[in-house]
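Single-structure report; data block below.
The values are calculated or read from the model by the stated rules, or taken from the named source; none is laboratory data. The structure displayed is predicted, hence computed values, not measured ones. Cβ: placed from backbone, ideal geometry, glycine included. Neighbour counts: every protein chain shown.
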Ligand SMILES: [Zn+2]
């Protein structure tokens, strides 16, 4: 994959050098309350990373970004720009989302955010929140590294924004509020698998521009498997309980990414129709 030298997005809000004093008083209670409302649509890695770094939470110092962080910022910016091109051509009246880069913890329109929650999309302020250390966590602790693995995560979150623009997220959120926990989880899975499919659709349409290879697709497949609910439950030493899935199994996540990649259009990503809804 060749991303260097490509257009970067202007829709990046980089909070990484700011410290977290502006995040002010995010307690665990606040985070759980936010999670309970179900506004977060993300790559949930809390079973793997379940402790908030106290040093990161308490430091309010300004600091310089490391060379690695700067490069990561450039990479995210290019991938975001690629999603703007692709979703702009496929979603009617598409408006670009903002991408917030942060370190450790920050405040979002959906409440407090911390790195342990993984990247997520907040429909309330239409922003994607990403702690760029997540990509190192994916590589080192979940065995899913590589440029397209990281790009898949970004495109998945932007996919949630596309779902929001298409009116899917508001409908799902309303349906989930009127559902049993089990049905609500299932609706969440269908939403997440559709975002995976949108990410695959994006990869197909950016394949030429970014020179995406078969090897790259293999990285995205590994990442999709690593963030499957069954894989996350297993690596956390828990029993695998399908009724508790909120993002889909490893196999389902891989399948829907590939459906989007093979077809290259949004229509092939109707997980709700496929489930008979
Ligand atoms: Zn998601």
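Of the set (1) over 17 Å from the mean Cα position of the chain (by Cα); (2) farther than 21 Å from residue 83 by Cβ; (3) assigned to a helix (DSSP H, G or I), all apply to residue 204 but (2).
In summary, residue 94 fulfils each of the numbered conditions (1) out of contact with any helix residue (DSSP H, G or I) (no Cβ under 7 Å at 6 or more places or on another chain); (2) not in a strand (DSSP E or B) with the single exception of condition (1).
Being over 21 Å from residue 6 (Cβ atoms) and either at pLDDT 95 or above or touching a helix residue (DSSP H, G or I) at 6+ places or on another chain (Cβ under 7 Å) (or both) holds for only one residue in 220, 199, 225, and it is 225. Has segment 42-63 got any residue that is modelled with pLDDT under 95, touching a strand residue (DSSP E or B) at 6+ places or on another chain (Cβ under 6 Å) and within 25 Å of residue 196 (Cβ to Cβ)? Yes; the residues of segment 42-63 include at least one that is modelled with pLDDT under 95, touching a strand residue (DSSP E or B) at 6+ places or on another chain (Cβ under 6 Å) and within 25 Å of residue 196 (Cβ to Cβ). Tell me, yes or no, whether segment 207-221 has at least one residue that is crowded, with 24+ Cβ neighbours inside 10 Å and in contact (Cβ under 8 Å) with a residue 60 or more places away in the chain. Scanning segment 207-221, I find at least one residue that is crowded, with 24+ Cβ neighbours inside 10 Å and in contact (Cβ under 8 Å) with a residue 60 or more places away in the chain, so the answer is yes.
Within the span defined as segment 147-159, one or more residues are more than 16 Å from the ligand (Cβ to nearest atom), out of contact with any strand residue (DSSP E or B) (no Cβ under 8 Å at 6 or more places or on another chain) and modelled with pLDDT of 90 or more. A count restricted to segment 114-140 and to residues that are within 19 Å of residue 69 (Cα to Cα) and more than 11 Å from the ligand (Cβ to nearest atom) stands at 15.
If I filter segment 184-193 for residues that are touching a helix residue (DSSP H, G or I) at 6+ places or on another chain (Cβ under 8 Å), over 19 Å from residue 162 (Cβ atoms) and surrounded by fewer than 19 Cβ atoms within 10 Å (Cβ to Cβ), do I get at least one hit? Looking for residues that are touching a helix residue (DSSP H, G or I) at 6+ places or on another chain (Cβ under 8 Å), over 19 Å from residue 162 (Cβ atoms) and surrounded by fewer than 19 Cβ atoms within 10 Å (Cβ to Cβ), one finds at least one in segment 184-193, hence yes.
Considering only segment 112-127, how many residues are crowded, with 23+ Cβ neighbours inside 10 Å and over 8 Å from the mean Cα position of the chain (by Cα)? So the answer is 5.
When residue 98 is tested against (1) in contact with a strand residue (DSSP E or B) (Cβ under 7 Å, 6 or more places away or on another chain); (2) under 27 Å from residue 6 (Cα atoms); (3) without any contact (Cβ under 8 Å) to a residue 24 or more places away in the chain, just one condition goes unmet, and that condition is (3). Within segment 125-163, the residues that satisfy the criterion of being assigned to a loop (DSSP other than H, G, I, E, B) and within 20 Å of residue 206 (Cα to Cα) are 145, 146.
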